[in-house]
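S.K.: The following block contains the structure, expressed as structure tokens.
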Amino acid sequence: MSSSCSGLSRVLVAVAAALVSASSPCPQAWGPPGVQYGQLGRALMLCCPGVTAGAPVSWFRDGETRLLQGPASGLGPKLVLAQAESTDEGTYTCRTLDGALRGMVTLRLGYPPARPVVSCRAADYENFSCTWSPSQVSGLPTRYLTSYRKKTVPGADGQRMSPSTGPWPCLQDPPGAARCIVHGAEFWSQYRINVTEVNPLGASTRLLDVSLQSILRPDPPQGLRVESVPGYPRRLRASWTYPASWPRQPHFLLKFRLQYRPAQHPAWSTVEPAGLEEVITDAVAGLPHVVRVSARDFLDAGTWSSWSPEAWGTPSTEPLPKEMPVGDQQHTQTEEEPQADSPAPPKPSLLPDPQPLDHRDPLEQVAVLASLGIFSFLGLVAGALALGLWLRLRPDEKDGPQKSGLLAPMISVDKLPGVPNL
């Protein structure tokens, strides 16, 4: 029984050796010397370094005396594993017929590379970067080859191999990082990114077509500050600056959106300022507020940036200005004299102030005056119609026969029967 089992195992080893030899007689060196790589679940072959082809050797696991494969196997300096498992990883030694150590091989097992996951983003309109991550963990040392080229118009065969269209290397910064940068890109052009994952068992490529218009996403605005407005208990002034990565050019500007809320309130209020500052006019008096801001290309290319770090501010607790009548005009006077370096009057917010400082809304006054004018006109029209109707129906006081009018009887009174003639 044992002889039949050993014969079957020899047949399996011979078949595995034939398959491995047909595909690759011996794995190529990849990485540090003395290390060989193989795929889990597949047959593989180890080669004894420094031994000529055909020379018989014996194979052992390092630190063990059990013979794995003897010189009578007919495989020479090669060790064949019919189906590699994770327990097969480790160091192997090969010895000649006289027992002399000829070499050591360290086996590492893993998987071939899969197509990486690639995404690209442009923080400005001149440069963009691409990042990637493995879609499957190979367990083996891996490196990435990155390049890009400018896409041409379909059918323009004469430009496909033009040096102006690439390909060019996409520089990894720093070297070996999972990120590469393309400098000096054209905003209205399209590019094809090539990211190839390479490990000792092979290579796999991912191609990604991008355009700056679609991947544009600025960095968050910087330097957000929130300050109270002296004398205005419901106002806060927020200011910020462009992100340092965005070149300031008149034909490529940013627009902004600002969100704010009281500290204990979960819902955000949102406005879109016209510049680099905004005055909030409906803050809750006495409560701290949290403010954040994001940016986007002013022509809506790409997407909004992520939110800036939050900033906090509390409205001023100084008293409201007092209105003092002077002649036919009014002016405001606070309890304290204004300082020479006092801030300029705040710009109005896009949100209405539910309690304006002068408690008068010009739009409301215009609406009231317009309503009064309409009612006056309708009253005059109704009066004119009533007067005309009255003049039409009033009796004629002059002597003489009356003319038949609207209310005149159709039969004369003296013609009625039973009525004496007068």
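The values are calculated or read from the model by the stated rules, or taken from the named source; none is laboratory data. This one's a predicted model, so the numbers in the text were calculated from it and none came from an experiment. Cβ: placed from backbone, ideal geometry, glycine included. Neighbour counts: every protein chain shown. We work out accessible area using only protein heavy atoms, side chains counted, and drop any ligands, DNA or RNA first. Shrake-Rupley method; radii C 1.70, N 1.55, O 1.52, S 1.80 Å.
S.K.: Return a yes/no flag: does the stretch 213-229 have any residue that is small (Gly, Ala, Ser) and in a strand (DSSP E or B).
M.R.: Checked against the condition, which is being small (Gly, Ala, Ser) and in a strand (DSSP E or B), the stretch 213-229 yields at least one hit.
S.K.: I'd like the full set of residues that are open to solvent by less than 60 Å² (accessible area, probe 1.4 Å) and under 23 Å from the mean Cα position of the chain (by Cα), limited to the stretch 213-245.
M.R.: Answer for the stretch 213-245, where residues must be open to solvent by less than 60 Å² (accessible area, probe 1.4 Å) and under 23 Å from the mean Cα position of the chain (by Cα): 215, 216, 218, 219, 220, 221, 223, 224, 240, 242, 243, 245.
S.K.: Could you check the stretch 244-255 and list, in sequence order, the residues that are touching a residue at least 40 places away in the same chain (Cβ under 8 Å) and more than 14 Å from residue 126 (Cβ to Cβ)?
M.R.: Across the stretch 244-255, the qualifying residues are 253, 254, 255.
S.K.: How many of the residues making up the stretch 246-270 are open to solvent by less than 40 Å² (accessible area, probe 1.4 Å) and under 23 Å from residue 216 (Cβ atoms)?
M.R.: Selection size over the stretch 246-270: 7.
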